[in-house]
Amino acid sequence: MLEVRGISLRFGRVQAIGNVSFDIRRGEIRSIIGPNGAGKTSMLNCINGFYQPQEGTISYLGKTRRAMRPHEAARRGIARTFQNVALFKGMSTLDNIMTGRMMKMRSNLLAQALYWGPNQREEIEHRKRCEAIIDFLEIQAIRKTPVGRLPYGLQKRVELARALAMEPTLLLLDEPMAGMNVEEKEDMCRFILDANEQLGTTIALIEHDMGVVMDLSDRVVVLDHGEKLADGTPAEVSADQGVIDAYLGVAH
Amino acid sequence: MDLTLPFFVEVLIGGLLTGVMYALVALGFVLVFKASGIFNFAQGAMVLFAALTYVGLLELGTGAVLAFVLTALVMVLLAVAVERVVLRPLVNQEPIILFMATIGIYYVLDGFGQMLWGSDIKALDLGIASDPMTFLARPDAPEGDPWKYGIMVNRFDLTAAAVAAVLVLALALFFQKTRIGRALRAVADDHQAAQSVGIGLPAIWVIVWSVAGLVALVSGLAWGSKLGVQFTLALITLKALPVLILGGFTSVPGAIVGGLIVGAGEKLAEVFIGPLVGGAIEDWFAYMLAMLVLLVRPQGLFGERIIERI
């Protein structure tokens, strides 16, 4: 579904990603792992258009391109969450999730301004979808709370909710479990698996918790210093000597 | 001192109408602030630039309607230029950096306006009479009755207030209820997150700056015909500040109420308290009021609560 071919990304003379290729198949959970500074987040940023790589191409749903604007990516069904939560802090949980529906709203501005006719039906329909996601992620209790006031773990969950509200084809998750306790991590794993199985969302996941990565993923790609080190099933990757040396860190 | 009721009401109404004009200017600031979280220092220069362009076009012999349409177009073009040249390279930067950029825009517009249209003071006549209208007069009352001559209100001020009211209502509906309104709040909160849910920043910014430009045009015409189109018009920025602090930077209704309070407050204070302390308090009264509000409600009377986790 998505194929990255020979991507290179430089900031000035710093090479963030060097000639990396991999693919993501429809319906799978694809993890990207590697030490800090390996270029994982940069890779996601290339995929959803925040960064424009200097070399290489990205094919998504049969269309090949190098650069895409983030809002185009969103329109074509790529949603994401961020390493450091990026929510609209002044808005309530529900409003945050509703922003995820924005691209799907169709009625004209006048009707919206007056909350009239087709708009009223549309608004109700979107609200229903949001409520379904709220139920799905078990955040009913914080529906009206401004997200700036929520603890970190819940903010990450709201961020996931907003991304799911876009009904994405491809969901990019950047360390969705960073800074969570065991219980919160278990919940998050369950949500990711449910989203993948029940909603059929394809997921690209960056995560440092190896237990989680090996359990959840169908396939794993390993980056180090911006280059691809290994690519394969969790079992293959964790047996790879290069990966063990660079990242998994067995005694030398 | 004249302490009768009609006189008090007259001063109050005069103040409120001036307040509406303040609110008009403040509105431009609120729009940009809501959409990008930056205080647009250049708004005053935009007011001046719009008024200058309008008068300049009139002098070239276009009719009033054509001049208005053309100036509106110029303001939209300006919005596009600002987005291209200034905002786009600064995506995801700190608000303070964007603020500095708007100071730059202020001086560029100020200089460009002078270059284009000259630096003379120009009169602007909108064709609205400014003669006083009399309400509630009782001509057959005996001499000495405070109501004999009723309450006089400036016709021009009244017209300006009506125009402002219509403008505000339209804007409030547009920004509170439409999806663009929600998109705006999203952009103001977090650029990256807004992009990731599919909001195109360039489009939003052009829309907002265009609307701010149109508001600047209307307030430029109103103030220009009152004070003459001249370069001190840009300093109206300074009068908008207390209005914004009172009403809150993020609230359209707040800008209106803030404007009304400042307008009425400074007129009443000047007329009724001024003589007791030697007068001339109109100039600083608004700032003192704003400072008091800052102490009690830093987000202003209607602003969004400032939430921060510690």
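The values are calculated or read from the model by the stated rules, or taken from the named source; none is laboratory data. Keep in mind the model is a prediction, meaning the values are calculated, not measured. Here the Cβ positions follow ideal geometry from the backbone for every residue, glycine too, while neighbour counts run over all protein chains shown.
For the reader, a short list of remarks on this structure follows.
- Of all residues in the range B:161-196, exactly one satisfies the criterion of being touching a residue at least 24 places away in the same chain (Cβ under 8 Å), of a type in the set (D, E, K, R) and under 21 Å from B:G213 (Cα atoms), namely B:R185.
- Tally, over the range A:53-90, of residues that are assigned to a loop (DSSP other than H, G, I, E, B) and touching a residue at least 40 places away in the same chain (Cβ under 8 Å): 14
- Checking B:T178, B:T159, B:T232, B:T237 one by one, the residue that is within 14 Å of another protein chain (Cβ to nearest Cβ), at negative phi and among the β-branched types (V, I, T) is B:T178 and no other.
Conditions (1) at pLDDT below 85; (2) facing chain B (nearest Cβ under 8 Å); (3) under 25 Å from A:Y152 (Cα atoms), marked per residue:
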residue	(1), (2), (3)
A:R69	yes, yes, no
A:R75	no, yes, no
A:T93	no, no, yes
A:E122	yes, no, no
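- Taken over the range A:161-195, the criterion of being surrounded by 17 or more Cβ atoms within 10 Å (Cβ to Cβ), within 14 Å of chain B (Cβ to nearest Cβ) and among the small types (G, A, S) is satisfied by A:A161, A:A163, A:A165.
- Residue list for the range A:17-37, restricted to those being modelled with pLDDT under 90 and either among the aromatic types (F, W, Y) or within 20 Å of A:R80 (Cα to Cα) (or both): A:G34, A:N36, A:G37
- Flag for B:V153 being assigned to a helix (DSSP H, G or I), β-branched (V, I, T) and either within 14 Å of chain A (Cβ to nearest Cβ) or touching a residue at least 24 places away in the same chain (Cβ under 8 Å) (or both): no
- In the range B:240-258, the count of residues that are of a type outside the set (K, R), assigned to a helix (DSSP H, G or I) and in contact with a strand residue (DSSP E or B) (Cβ under 8 Å, 6 or more places away or on another chain) is zero.
- Residue count, the range B:91-128 (criterion: assigned to a loop (DSSP other than H, G, I, E, B) and of a type in the set (A, V, I, L, M, F, W, C)): 6
- Test: residue in the range A:15-29 that is touching a helix residue (DSSP H, G or I) at 6+ places or on another chain (Cβ under 6 Å), surrounded by 14 or more Cβ atoms within 10 Å (Cβ to Cβ) and not in a strand (DSSP E or B): no
- Candidates are the residues of the range B:183-200 that are surrounded by fewer than 22 Cβ atoms within 10 Å (Cβ to Cβ) and facing chain A (nearest Cβ under 8 Å); the one that is farthest from A:R80 (Cα to Cα) is B:R185.
Yes/no per residue for (1) hydroxyl-bearing (S, T, Y); (2) touching a helix residue (DSSP H, G or I) at 6+ places or on another chain (Cβ under 7 Å):
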| position | (1), (2) |
| --- | --- |
| A:A141 | no, no |
| A:V212 | no, yes |
| A:V221 | no, no |
| A:T233 | yes, no |
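- Meets criteria (more than 14 Å from chain A (Cβ to nearest Cβ), surrounded by fewer than 19 Cβ atoms within 10 Å (Cβ to Cβ), not hydroxyl-bearing (S, T, Y) and not in a helix (DSSP H, G or I)) for B:A165: no
- Condition broken by A:M98, with the remaining ones in (1) closer than 30 Å to A:D23 by Cβ; (2) within 9 Å of chain B (Cβ to nearest Cβ) satisfied: (1)
- Within the range A:124-160, considering residues that are free of Cβ contacts under 8 Å to residues at least 12 places away in the same chain and of a type in the set (D, E), the one farthest from the other protein chains (Cβ to nearest Cβ): A:D135
- Lone qualifier among B:A222, B:A203 - being buried (at least 23 other Cβ atoms within 10 Å of the Cβ) and either of a type in the set (D, E, K, R) or part of a helix (DSSP H, G or I) (or both): B:A222
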